[in-house]
Amino acid sequence: MRKIFRLAAIAALFTTGGCVTTESYSWLPDDVPEDEFFEAMTYMQENLHAVENTRVVTLVDYSKHSTEDRLFVVDLKDRQVARMRVAHGRGSDEDNDGYLNEFGHVEGSKMSPDGFFVVGERYVGAHGDSLKMDGLTDQNKNARERRIVIHGARYMAPERKKPGRSWGCPAVSQGDMVYLNAALPGSLFYIFGEGPPPERTFARGRRGYASSLVP
């Protein structure tokens, strides 16, 4: 069944002459970051050999405050979007104001990485069922070595007014993790955005990612 949908998804990506068009996704809700969604779709189109699960695409918009829903799982088959809060790293928000101020890729920095990733295998770790991540760009290719993973955390519980910070991982509530464990393995995961928005010094989503995989 997964193979059938993958073939259908690949065909759909190329029905407009090899281009992803806004008309194809007019159903996308307004709160989903549109530019970054199409960047992710284009990247997936150019790297289909690396993305086994083409049913969903995940976007993490760290320009938003940590109290907001800023992780979006776009289900391309059912045309639905799951939204949830997601933590950023302590090293990316040293003043703990709820905004990610800077991305980082150095081991031990406790900073959140950015760029394109493919979600890896499930495993059981210190936070229970978790998902490993593999970076697909030059700057984040050490994500697995840094132990950057998707996991549930008590400090992301819905009843907490202000979520906690991770050691660089995109952590979610333990309830949301149940859904992610089932939906995300093998799919594309795109992290972007620094906040708060008035202090941003670059064009949103235009970070010059290469479309080819690192060796």
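The values are calculated or read from the model by the stated rules, or taken from the named source; none is laboratory data. Predicted, not measured: the structure shown is a model, and the values here were computed from it. Counting neighbours? That spans all protein chains shown, and the Cβs are built from the backbone with ideal geometry, glycine included.
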Kindly indicate which of SER63, SER112 is in contact with a Gly (Cβ under 6 Å, 6 or more places away or on another chain), more than 12 Å from PRO170 (Cβ to Cβ) and small (Gly, Ala, Ser).
SER63
Condition check: in a loop (DSSP other than H, G, I, E, B), out of contact with any helix residue (DSSP H, G or I) (no Cβ under 9 Å at 6 or more places or on another chain), modelled with pLDDT of 95 or more and not β-branched (Val, Ile, Thr). Does GLY98 satisfy that?
yes
In region 64-88, residues that are part of a loop (DSSP other than H, G, I, E, B), touching a strand residue (DSSP E or B) at 6+ places or on another chain (Cβ under 8 Å) and surrounded by fewer than 23 Cβ atoms within 10 Å (Cβ to Cβ) total 3
Within the bounds of region 40-51, is there any residue that is in contact with a strand residue (DSSP E or B) (Cβ under 7 Å, 6 or more places away or on another chain), modelled with pLDDT of 95 or more, in a helix (DSSP H, G or I) and closer than 20 Å to SER112 by Cβ?
yes
Out of (1) part of a loop (DSSP other than H, G, I, E, B); (2) crowded, with 20+ Cβ neighbours inside 10 Å, what's the single condition that is false for VAL106?
(2)
Among (1) surrounded by fewer than 22 Cβ atoms within 10 Å (Cβ to Cβ); (2) in contact with a strand residue (DSSP E or B) (Cβ under 8 Å, 6 or more places away or on another chain); (3) of a type in the set (Val, Ile, Thr); (4) over 16 Å from LEU180 (Cβ atoms), there is one condition THR137 misses while meeting the rest; what is its number?
(1)
Which ones in region 112-139 are within 21 Å of GLY195 (Cβ to Cβ) and in contact with an Asp or Glu (Cβ under 7 Å, 6 or more places away or on another chain)?
PHE117
Here are some residues: ASN142, ASN181. Which one is under 18 Å from PHE192 (Cα atoms) and either without any contact (Cβ under 8 Å) to a residue 60 or more places away in the chain or not in a loop (DSSP other than H, G, I, E, B) (or both)?
ASN142
Flag for GLU145 being at pLDDT 95 or above, more than 20 Å from VAL32 (Cα to Cα) and acidic (Asp, Glu):
yes
